[in-house]
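Working notes, structure below.
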Amino acid sequence: MRFTFEQRLDDGVLERTFTLGEIPGILWTPGSVSAPAPLILLGHPGGLRTMYPRLVARARHGAAEGFASATIELPGSGDRPRSPAAEQARADLRRALAAGEPVDDEIVDRLVLPLVEQAVPEWRAALDALLALPEIGGPVGFAGGVIAIGIRLAVVEPRLSAAVLFAGSFVPRALFAEARQVTVPLRVLLQWDDEGNDRQLALDLFDAFGSTEKSLHANMGGHTGVPQFEADSGNRFFARHLK
């Protein structure tokens, strides 16, 4: 991990950009915590520059409760190399949505499964580097982003203690079997009127999760309409499991 830039935000939060090999990322640490801070990995759908306003708001909200937060760029997003196969799958997905047609499972598999296969090892490598920093301690939570990545990470990463997942992206059917292996405490957010999300699939996925502690938070509104009180509730959830 190589830090490339740092700045102190007006609330005292230290923001540092870094690279992990060729992967860019951002780390936020609270300004007033002397002990190593528990860490929340901030998932997102890709494009750090585009997502930055939302990511920094989430990180600052967590820092107010004593959490460090970190994120990395997803494969094929931002300035990272594009995959022709993923670009074709994305075009096929957009074509189906524009035509009002059902999205074929084969399109979802072509788009999401290679992303999961590449992104999860990268998140784990980032976690190795982050936990080696003296200002970062365990436990670790994962919040938001592509839910299929969150599922796989919750299955394979023993350092993950809790997760808040957003049921707002397509999930390959193969991931349902992995969802049954998830055992960490879970909170799943579902926007009831999300025009791009299969509501019934999201409900079926929630039912499949193997965690004994899991809760579904369904709110009215579209994809980007998650209420602010869910952020406060998420902080309380992580406070129970990461502190």
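The values are calculated or read from the model by the stated rules, or taken from the named source; none is laboratory data. Note that the coordinates shown come from a computational prediction; the quantities given were computed from them, not determined experimentally. All Cβ positions, even for glycine, are placed from backbone atoms using ideal geometry, and neighbour counts span all protein chains on display. For accessibility, only protein heavy atoms count, side chains too; no ligands or nucleic acids. Shrake-Rupley method; radii C 1.70, N 1.55, O 1.52, S 1.80 Å.
Based on the Cβ-Cβ distance from Lys243 to Asp104, what FRET efficiency comes out when R0 is 41 Å, to the nearest 0.05?
The calculated FRET efficiency here is 0.40.
If you place +1 on the Cβ of every Lys and Arg, -1 on the Cβ of every Asp and Glu, and leave all else neutral, what size is the dipole of the chain about its Cα centre, to the nearest 20 Debye?
520 debye
Grab the beta carbon distance between Ala91 and Arg54, set R0 = 22 Å, and tell me the FRET efficiency rounded to 0.05.
Once the sixth-power term is evaluated, E becomes 0.30.
Can you give me the accessible area per residue for segment 22-92, using a 1.4 Å probe, in Å²?
Result: 43 Å² per residue.
From the Cα trace of segment 79-142, what convex hull volume per residue do you get, rounded to a whole Å³?
Considering the Cα atoms of segment 79-142, their hull volume per residue is 130 Å³.
Nearest-5 percent of antiparallel DSSP beta bridges in segment 1-122?
85 percent
Please calculate the 1.4 Å probe accessible area of Phe18, with all protein chains present, and give it to the nearest 10 Å².
0 Å²
Over the chain, calculate the relative contact order: mean separation of alpha carbon pairs under 8 Å at least 6 apart, over the residue count, as a percent.
The normalised contact order for the chain reaches 16 percent.
Restricting to the chain, what percent of DSSP beta bridges are antiparallel, rounded to 5?
45 percent
From the square roots a ≥ b ≥ c of the eigenvalues of the alpha-carbon gyration tensor of the chain, which class results: rounded (a/c under 1.5), prolate (a/b over b/c), or oblate?
Here the chain falls in the prolate category.
Summarise the accessible area of the chain (1.4 Å probe, protein heavy atoms) by the percent that is carbon and sulfur.
Heavy-atom surface of the chain belonging to carbon and sulfur, 1.4 Å probe: 54 percent.
Explain nothing, just the number: relative contact order of segment 1-100, from Cα pairs under 8 Å at least 6 residues apart, as a whole percent.
Relative contact order comes out at 23 percent.
Taking the chain as a Gaussian network, Cα atoms linked when under 10 Å apart, which of Ile149, Ile72, Ile23 shows the biggest mean-square fluctuation?
Ile23
Under 10 °C and 1.306 mPa s, how fast does segment 186-243 diffuse according to Stokes-Einstein, given a Kirkwood radius computed over C-alpha pairs? Answer in µm²/s, whole number.
129 µm²/s
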